[in-house]
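J.: Take a look at the following structure, please.
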Amino acid sequence: MLPNLSILEPVAVVHLVENRPHTHADSLRSDPRIAEAKRLIAEAVAEHAQPLKQVHPADDGLKPHYNSMLERFGKARGGTLIWPYLSSGLGKGPFVELADGSVKLDFIGGIGVYGCGHSDPRLIEAAIDGALEDAVMQGNLQQHPPSLKMCERLLGLATESGAKLDHCLLSTSGAMANENALKIALHRKSPADRIIAFDNAFAGRSLALAALTDRPNYRAGLPVALNVDYLPFLDPEHPQRSTRWAVDELHRLLKRHPGRYAGFWAELIAGEGGYYPGSNAFFTSLCKPLREAGIPILFDEIQTFARTTRPFAFQHYSLDAFADIVTIGKITQVCATLYGSDFVPKGPVLSQTFTGASASIATGLATLDAIDAMGCYGADGENVRRHDYFAAELEKLANKYPGVLSGPFGEVMMVVFTPGNGSFEHAKSMMDIMYDVGLLGFVCGSDPTRIRFLPPPAITTREHIDAAIVLLEHSLLKFQEQTG
Ligand SMILES: Cc1ncc(COP(=O)(O)O)c(C=O)c1O
């Protein structure tokens, strides 16, 4: 017997949304009850977050439960957490409440994830929209229109000044975005199997990326999944000499392994390497011979995206002509690999069940809007202004506490300083003191080891920077006491 097809008949379309017929989901989204529910949630969040506008010590009554959760967490994951940090789930701007009742000034934001700070009403609203999108995760087989919107938005930003980036592949982690980037390059240049990267590179935690990352202890006991050769990065104190050194080394490598290189992989501001900026001259002198040798150029913008004078650091350094494959992540909530049409793989080497959670895509789009609303970009945009203000305040501390804090202070919204003698021990104890005082920053680099800040670009104000400087001075005094 034939099935009753009447259940498949289209339902009459009643209203128009944006001048097109609408779906039942469209009418759900425009239901006034949804708007009212969002309004009530925003009102409640604002009310409960109101007191969270300065740092605060933990509540003694909450400490035992908190400590027990930390211990259980360590057991469950097979190792203690890097920080004794468990969020309460609420914050206000850069201030975040922990589950022990303490409030911290968060200038690291999960190493760049909290671009709008904490409990931003725009992101909560977007997350509700994401929750109304049915699927918790989207993926290759069953996608939703917001994924298309995100891809087109990122491609629009990436091609603003002429980069040839035609395609965008979403993914759930920076490591996966970088894996996809490497696969695209290796596939294109097969059988070439070597990559050129910079000293101190960090690319993520997959097997191939552990080989690319220049930290031997991150690949201890692991097989080497990729052959990588390293170039020295730009030395801010000796720009010409270090550029010459890097270019000479590049030529030596190209001669030593002719036809074996599938890609040149670069962070344009050394991230884990210590927040040292690159420059147009430095990268151009490397990218030109790479281009001539037909080696694909990959820019990892997972940490730099939205933190310079342009959405992408390759635009900040006017390197659009060299951007073959670009990855982003962190602040965008969903990660992505952007690449040109010349690089479309000929085989099915790229695919994932999960490309992003509906809420991640919605909050990522809302974050991009919030960054635009703050006026972050431009030579005189908020990213530059806040960097200059922050760096000037750090310079004052450097003069007041010589040998305790020193520069250079990073690039735009990637701010950094060197504590004490630049040893790992000094940086670690400075970071721990800051944590106790209530200011969140994190170590980076080696020789010297430094403390970095990633203030949330969409919401940081001068008042927040002033609050960070007060906490930092307090920490410096304690550090001085401890280190003599
Ligand atoms: C430059 C860079 N690339 C890649 C990654 C890896 O991203 P994820 O930790 O999301 O895998 C990171 C993360 O810190 C990063 O900073």
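The values are calculated or read from the model by the stated rules, or taken from the named source; none is laboratory data. As the structure is a prediction and not an experimental result, all values here were calculated from the model. Here Cβ is always computed from backbone atoms with ideal geometry, including for glycine, and neighbour counts include all displayed protein chains. In case anyone asks, the SASA skips ligands and DNA or RNA and just uses the protein heavy atoms, side chains included. Shrake-Rupley method; radii C 1.70, N 1.55, O 1.52, S 1.80 Å.
J.: Seen from all sides and averaged, what is the projected area of the convex hull of the Cα atoms in region 297-396, in nm²?
T.: Over all viewing directions, region 297-396 projects a mean Cα-hull area of 8.2 nm².
J.: Suppose we keep just the alpha-carbon trace of region 427-484; what are its Rg and Dmax in angstrom?
T.: Rg and Dmax of region 427-484, Cα atoms, are 12.0, 39 Å.
J.: Non-local amide H neighbours of G356 (under 5 Å, H modeled in plane, Pro and chain starts lacking H): which ones?
T.: Amide H neighbours of G356, under 5 Å, 5+ apart: Q138.
J.: Calculate I(q)/I(0) for the chain by the Debye formula, one identical point scatterer on each C-alpha and no solvent, and give its log10 at q = 0.08, 0.13 Å⁻¹ to two decimals.
T.: Reported log10 I(q)/I(0), two decimals: -0.53, -1.33.
J.: Around E272, which amide H atoms from residues at least 5 apart in sequence, or from another chain, sit under 5 Å from its own amide H, with H modelled in the peptide plane?
T.: F202
J.: Another question, then. For region 302-360, what's the relative contact order in percent, using C-alpha pairs closer than 8 Å and at least 6 residues apart? Let's see the in-between values first.
T.: Details: 49 pairs, mean separation 15.6, N = 59.
Taking the mean separation of contacting Cα pairs over the length of region 302-360, I get 26 percent.
J.: Counting alpha carbon pairs within less than 8 Å and at least 6 residues apart, what relative contact order, in whole percent, applies to region 42-179?
T.: Relative contact order comes out at 19 percent.
J.: I would also like to ask the following. Only Cα pairs under 8 Å and at least 6 apart count here; give the relative contact order of the chain as a rounded whole percent.
T.: Worked out over the chain, it gives 18 percent.
J.: Here's something else I'd like to know. Using just the helices of the chain, give the 222 nm mean residue ellipticity in deg cm²/dmol: DSSP H runs with n ≥ 4 each add -39,500 (n - 2.57), and the total is spread over all residues, rounded to 500.
T.: Values: 15 runs with 197 residues, N = 484.
That calculation yields -13000 deg cm²/dmol at 222 nm.
J.: If I111, I297 are ordered by their accessible area, calculated over protein heavy atoms with a 1.4 Å probe, which sequence runs from highest to lowest? Don't jump to the answer; show the numbers that get you there.
T.: Working: I111 40, I297 0 Å².
Solvent-accessible surface, decreasing: I111, I297.
J.: Also, I was wondering about something else. Leaving ligands, DNA and RNA out of it, rank R291, R215 by accessible area with a 1.4 Å probe, largest first.
T.: I get R291, R215, largest accessible area first.
J.: Give me the distance between the Cα centres of region 390-426 and region 100-131, rounded to whole Å.
T.: After rounding, the separation between the Cα centres reads 27 Å.
J.: Starting from region 234-291, pick out the GluC sites (Glu not before Pro) whose DSSP state is loop and whose Cβ has at most 12 other Cβ atoms within 10 Å. Kindly include the intermediate steps, with their values, before the conclusion.
T.: Values: sites: E237, E249, E267, E272; in loops: E237, E267, E272.
Those satisfying the criteria are E237.
J.: Enumerate the whole-percent occupancy of each 10 Å bin, from 0 to the last occupied one, for all C-alpha pair distances of region 386-425.
T.: Cα pair-distance distribution for region 386-425, in percent: 34, 51, 15.
J.: Return the unpartnered cysteines for the chain, using a Cβ-Cβ cut-off of under 4.7 Å.
T.: C116, C287, C335, C376, C444
J.: Take the Cα atoms of region 382-483, find their three principal axes, and give me the spread along each one in whole Å, biggest first.
T.: 36, 24, 23
J.: To continue, here is another question. For the chain, what is the percent of antiparallel DSSP beta bridges, rounded to the nearest 5?
T.: DSSP beta bridges in the chain are roughly 70 percent antiparallel.
J.: Taking the radius of gyration and the Kirkwood hydrodynamic radius from Cα positions alone, what is the Rg/Rh ratio for region 71-199, to two decimal places? Don't skip to the end; give the middle numbers.
T.: On the way: Rg = 19.4 Å, Rh = 18.7 Å.
Taking Rg over the Kirkwood Rh, I get 1.04.
J.: So what are region 129-374's ellipsoid semi-axes, whole angstrom, largest first, if each one is the square root of 5 times an eigenvalue of the alpha-carbon gyration tensor?
T.: 30, 20, 17
J.: Find the centroid of the Cα atoms in region 303-361 and in region 453-484, then give the distance between the two in whole Å.
T.: Going from one Cα centre to the other spans 32 Å.
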